[in-house]
2 protein chains.
Amino acid sequence: MSTVDPTTGTCPVPLVDTEKVMLGHGSGGQLSAELLRDVLAPALGAAGAVGVAEDAAVLDVDGVDLVLSTDSFVVSPLFFPGGDIGALAVHGTVNDLAMMGAVPVALALAYVIEEGFPVADLRRVTASVGAAAAAAGVPVVTGDTKVVGRGAADGIFVTTTGIGRRLARARVSAAAARPADVVLLSGPIGAHGMTVLTARESLGFETEIASDTRPLHRLVAAMVGAAGPAIHAMRDPTRGGVASALNEIAAASGVGIEVDEHAVPVPARVAAACELLGLDPLHVANEGCLVAITAPEAAEPVLAVMRARPEGRQAVRLGEVVSEHAGRVLMRTLLGGRRVVDMMVGEQLPRIC
Amino acid sequence: MSTVDPTTGTCPVPLVDTEKVMLGHGSGGQLSAELLRDVLAPALGAAGAVGVAEDAAVLDVDGVDLVLSTDSFVVSPLFFPGGDIGALAVHGTVNDLAMMGAVPVALALAYVIEEGFPVADLRRVTASVGAAAAAAGVPVVTGDTKVVGRGAADGIFVTTTGIGRRLARARVSAAAARPADVVLLSGPIGAHGMTVLTARESLGFETEIASDTRPLHRLVAAMVGAAGPAIHAMRDPTRGGVASALNEIAAASGVGIEVDEHAVPVPARVAAACELLGLDPLHVANEGCLVAITAPEAAEPVLAVMRARPEGRQAVRLGEVVSEHAGRVLMRTLLGGRRVVDMMVGEQLPRIC
């Protein structure tokens, strides 16, 4: 029996053991959240009580504030305009640390490789990991390689785990957004998701979009340097897009969020591709931008330091946090109406990262 | 062109880009070492200079000695007598930390799941992760789940990454074995590898062996408590078995190692299965024992504390470190002869962990 959730108005169906895992369970959207809540967290039990639900965890080890984050990358194709699985694996983990207000200290790298995978491609992926790590200023200190038989994996899967050290003045948490806070976005959205999608041969059309994959820890350090604890929350809107990032913050903080449609920066080519495919740009994955929720008085100073860096040159004020419609994100449309910005339910773009 | 390596007498063939990755590159044996040396380390470049070759890395973060280790688990079948992929993923990473003289502080957990994987199996694997982590006293603090399409993975792959804190008196390193040191082994070998192998349906015979998978950090803490820096090196002989573990230590330390055949504890059922299949028990993977190299005067005290714990109840003295035949491991056979104990070259048992 399932019941209607009074906050979201949705009707979650509990996962039962006769069911199968679906692609949507890896989407970063609502099905992912349900899998975590209904299957993974209960099964982990006490061992997972600390907060396996977060993208990254803060640990106090002998008085040092460490942050730990892990991500598996299964993007297809492996190489696409603007990046590849190696760069993505470094940036994704560096950015998960950064969203907790941390700078990366070290990375661990684990490969699962399909038998028959070209050594040349392995070299290329690894060189990309090395170049991205060097550019981010973080060493790869340990690794692991497993090989499985033909057909038991698709080329290569890369898991990167990062340790970071939290910046002294960082106090970010998805649960810390408050009414009257300002929602900032560091730059245009949708490029990564649409690039990977169009790079898949089967799609049959081409655009000149390139992935926005890049590390964001220096941008975050500048923001924290400018405003410290006045930055209340940060998220990089990867799988599930800006919509999921804002919904997660709204739910965790018990607040509403309102976004102005005219403020959402969607590049023309992304907008065109989304329209053709019937996708909402707010659901498309990004790998090089962030959403920040700041105290009202910090918004302009933070925007100024963001715009002073290449990663944040096109930063915008997206909207505000409100006390109404707690847990929900609304869009103030160009026509003066309002619509709900939902989390993605299923899987829009499988294997986007 | 390839040249004969004067230390090992082998003739390594450099990997070229036209080649394909083979199962043996994930064996933990010689091909794995070559892949790391010829492809991965050069491609990583400066970012990997710190030591991606180790199973775990020691990091000094603000004066705290941390250890980081990562491993992907691809074992097939997922469930086998004595354990499953979930328990293995926890124990494997906890033990890699322990082999650096560290106790685990936190684990990160990443899944790559094939679409259609039964939710019941996912629950079972995750409950096993949770139970193993709880038993080891280490929380799972963060995680990630990706789902790939049918046929793009085989059920589930699990990557666990651990942070540990190094015990104050631990000074272990694979490069620290010295002539006259004693080689200790914590218990019988071969059970894990032969269990997984016989659990595969295709093999057509059954034995009553169960995997030895278990955490070893408490055993290590007891050993370090007893002898501190007099424990020079430790390894858990997983992929590649005891032979690879000893060869790695001999090579890294520039010493020879001699092992007494009569001292090698091979359970009768493991020995029988190995004979049937033509396998050397020294090459078979273990998940619950360790090899330790200690100063001569520390050997008996360390053996005593090992035997006082369940994980080390059957600990034995296996042999000695010598100054002759540097880089090589020799077995003093039951018949009074000597034979070289090589690293495994190819892949004996794919997907053993």
For residues in region B:106-139 being more than 7 Å from every other protein chain (Cβ to nearest Cβ) and in a loop (DSSP other than H, G, I, E, B), which is surrounded by the fewest Cβ atoms within 10 Å (Cβ to Cβ)? B:Gly137
How many residues, within region B:305-353, are in a loop (DSSP other than H, G, I, E, B), within 19 Å of B:Ala252 (Cα to Cα), modelled with pLDDT of 95 or more and not aliphatic (A, V, I, L, M)? 5
Just wondering, is there one or more residues in region A:148-159 that are without any contact (Cβ under 8 Å) to a residue 24 or more places away in the chain and within 7 Å of chain B (Cβ to nearest Cβ)? no
Top-ranked residue of region B:92-105 - restricted to ones that are assigned to a loop (DSSP other than H, G, I, E, B) and either facing chain A (nearest Cβ under 7 Å) or hydrophobic (A, V, I, L, M, F, W, C) (or both), ranked as surrounded by the fewest Cβ atoms within 10 Å (Cβ to Cβ): B:Met100
Of the residues B:Leu219, B:Leu197, B:Leu203, which is touching a helix residue (DSSP H, G or I) at 6+ places or on another chain (Cβ under 9 Å) and at pLDDT 95 or above? B:Leu219
Is there a residue in region A:46-65 that is facing chain B (nearest Cβ under 8 Å) and modelled with pLDDT of 95 or more? no
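Looking only at region B:74-83, which residues are facing chain A (nearest Cβ under 9 Å) and buried (at least 24 other Cβ atoms within 10 Å of the Cβ)?
Residues of region B:74-83 facing chain A (nearest Cβ under 9 Å): B:74, B:76.
Answer for region B:74-83, where residues must be facing chain A (nearest Cβ under 9 Å) and buried (at least 24 other Cβ atoms within 10 Å of the Cβ): just B:Val74.
For B:Arg150, indicate whether it is over 23 Å from B:Gly164 (Cα atoms), charged (D, E, K, R), out of contact with any helix residue (DSSP H, G or I) (no Cβ under 6 Å at 6 or more places or on another chain) and outside the structural domain of B:Leu290 (by TED's automatic domain parsing).
Working: over 23 Å from B:Gly164 (Cα atoms): yes; charged (D, E, K, R): yes; out of contact with any helix residue (DSSP H, G or I) (no Cβ under 6 Å at 6 or more places or on another chain): yes; outside the structural domain of B:Leu290 (by TED's automatic domain parsing): yes.
So B:Arg150 passes the test.
The rows are residues; the columns are (1) touching a Pro at 6+ places or on another chain (Cβ under 7 Å); (2) more than 24 Å from B:Phe80 (Cα to Cα); (3) surrounded by fewer than 22 Cβ atoms within 10 Å (Cβ to Cβ).
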residue	(1), (2), (3)
B:Gly256	no, yes, yes
B:Ala272	no, no, yes
B:Leu279	no, no, yes
B:Ala292	no, yes, no
B:Ala299	no, yes, yes
B:Val316	yes, yes, yes
B:His325	no, yes, yes
B:Gly336	no, yes, yes
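Give the residue, chosen from A:Val183, A:Val172, A:Val158, that is within 14 Å of A:Val90 (Cβ to Cβ), under 20 Å from the mean Cα position of the chain (by Cα) and either in a loop (DSSP other than H, G, I, E, B) or among the aliphatic types (A, V, I, L, M) (or both). Write out each step before concluding.
Numbers: A:Val183 fails: within 14 Å of A:Val90 (Cβ to Cβ); A:Val172 fails: within 14 Å of A:Val90 (Cβ to Cβ).
Only one candidate qualifies: A:Val158.
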Could you count how many residues in region A:160-172 are in contact with a Leu (Cβ under 9 Å, 6 or more places away or on another chain) and either over 25 Å from A:Ala222 (Cα atoms) or more than 8 Å from every other protein chain (Cβ to nearest Cβ) (or both)? 4
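Only residues that are hydrophobic (A, V, I, L, M, F, W, C) and in a strand (DSSP E or B): list them for region B:141-155, please.
So the first thing to find is which residues in region B:141-155 are hydrophobic (A, V, I, L, M, F, W, C), and the list is B:141, B:147-148, B:152-153.
Matches in region B:141-155: B:Val141, B:Val147, B:Val148, B:Ala153.
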Criterion violated by B:Ala299 - all others in (1) more than 24 Å from B:Gly228 (Cβ to Cβ); (2) at pLDDT 95 or above; (3) part of a helix (DSSP H, G or I) satisfied: (1)
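The values are calculated or read from the model by the stated rules, or taken from the named source; none is laboratory data. Since the structure is predicted, the reported quantities are computational estimates derived from the model, not experimental observations. Heads up, the Cβs are rebuilt from the backbone with ideal geometry, glycines too, and the neighbour counts pull from every protein chain shown.
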